[in-house]
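Read-outs: derived from the displayed coordinates by stated rules, not from any lab. All values derive from a computational prediction rather than experimental measurement. Cβ atoms come from the backbone with ideal geometry, glycine included; neighbour counts cover every protein chain shown.
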There are 2 protein chains.
Amino acid sequence: MVDEVRVEVWRLVKDHRGRDVVLLRDGRQRSLPIWIGPYEAAAIWIRLDPQHSATLLRRPMTHDLCAAVIQRLGGRVERIVVDDVSNDTYYAKVHLAINGRTVTVDSRPSDAIALALRCDAPVWVSDAVMEAGNVVVEDDEPAAGGPADDAPDFPSEDEQA
Amino acid sequence: MVDEVRVEVWRLVKDHRGRDVVLLRDGRQRSLPIWIGPYEAAAIWIRLDPQHSATLLRRPMTHDLCAAVIQRLGGRVERIVVDDVSNDTYYAKVHLAINGRTVTVDSRPSDAIALALRCDAPVWVSDAVMEAGNVVVEDDEPAAGGPADDAPDFPSEDEQA
């Protein structure tokens, strides 16, 4: 059993280049920044803050469709886990309960998080990934600067080859 | 039983304002243009033309995740149907087979089409919608101009309220 920690989807921020970053935070105040795409950031943003529920969408977006499909097929999102990082890419799995068993599906972390927020499913991170990606973020100054211009690229989601 | 026609996902084009339009076409050469968002257009584009399979993605995009979820839950996309247009918005349903029965899920047409292309599922349009939205498109000159600047807005997908 791999050690995992439960995290909250804490904040969405922009790095110094205007790229979207989702910050996950555990109970020990360790934060994991994951660079994500703008569409996935929007899908997370609209579900992250209760005040955004005022921004009602009249039609289901893609992650809403995915959540509805799971529900209609009799499944349930048990949890999602960011469980690996390799070559600057984070990996996640969606754990689905169906007919008394659990199946997993490979996913980008952003899709998994956007789905979890729609299904009230908890978000977990493997402890090794948390240790590898952990950055210290002051509570009132959330990663606004991001990495310095000459810093190496941080691990992100791999949008395309 | 509502009359429905099978269509092919014929082409992706841009209108005169650079907006993405997916063209559905039936066996009688009637074409239905649906204005869609850029992200959904990309999700359709990458699966529409075999030559784009060279553009391999290393990680699953959102519609790939949705297709994988359906497969892992034991479901199958039977077909998708663009079955209504109201207040300049097109509506679609994804028909899913699970345990010998069919369930349907409300969807934007673009998401349904992107999903159908990933699941080798046929695309249908209700005859009334086809009649209402049908435009004549020359085979070698696909809607390049789009509606004139002073034309009323064509029915589209409703991205947000």
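Okay, here's what the table says:
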{"read-out": "Other-chain or far-sequence residues with amide H under 5 Å of A:Ile98's (modelled H)", "value": "A:Val103"}
{"read-out": "Residues whose placed amide H lies under 5 Å from that of A:Ala92, excluding near-sequence neighbours", "value": "A:Asp83, A:Ser107"}
{"read-out": "Residues B:Arg25, B:Arg58, sorted so that the one with the fewest Cβ neighbours within 10 Å comes first", "value": "B:Arg58, B:Arg25"}
{"read-out": "Order of B:Glu4, B:Glu40 under a 10 Å beta carbon neighbour criterion, fewest first", "value": "B:Glu4, B:Glu40"}
{"read-out": "Theoretical FRET efficiency, 1/(1+(r/R0)^6), r = Cβ-Cβ of B:Asp127 and A:Leu57, R0 30 Å, to 0.05", "value": "0.55"}
{"read-out": "Rounded to 5, the percent of DSSP beta bridges in the range A:4-133 classed as antiparallel", "value": "90"}
{"read-out": "Within 10 Å of each Cβ in A:68-78, the average number of Cβ atoms from other chains", "value": "6"}
{"read-out": "Averaged over B:112-119, number of beta-carbon atoms from partner chains that fall within 10 Å", "value": "1"}
{"read-out": "Cβ-based net charge around B:Leu117, under 12 Å, with every Lys or Arg adding one and every Asp or Glu removing one", "value": "-4"}
{"read-out": "Position B:Asp49, label points 7 Å along Cα→Cβ, spacing to each other copy in nm (shortest first, one decimal)", "value": "4.1"}
{"read-out": "Ranking of B:Val125, B:Val13, A:Val81 by count of other Cβ atoms within 10 Å, fewest first", "value": "B:Val13, A:Val81, B:Val125"}
{"read-out": "Euclidean distance between Cα centres, the range B:22-89 to the range A:1-51, Å", "value": "28"}
{"read-out": "Whole-Hz couplings from phi, Karplus 6.51/-1.76/1.60, listed for the range A:28-39; x for Gly and Pro", "value": "9, 6, 7, 10, 10, x, 10, 6, 9, x, x, 5"}
{"read-out": "Position B:Arg19, label points 7 Å along Cα→Cβ, spacing to each other copy in nm (shortest first, one decimal)", "value": "3.1"}
{"read-out": "Average beta carbon contacts from partner chains per residue of B:85-97, 10 Å cutoff", "value": "1"}
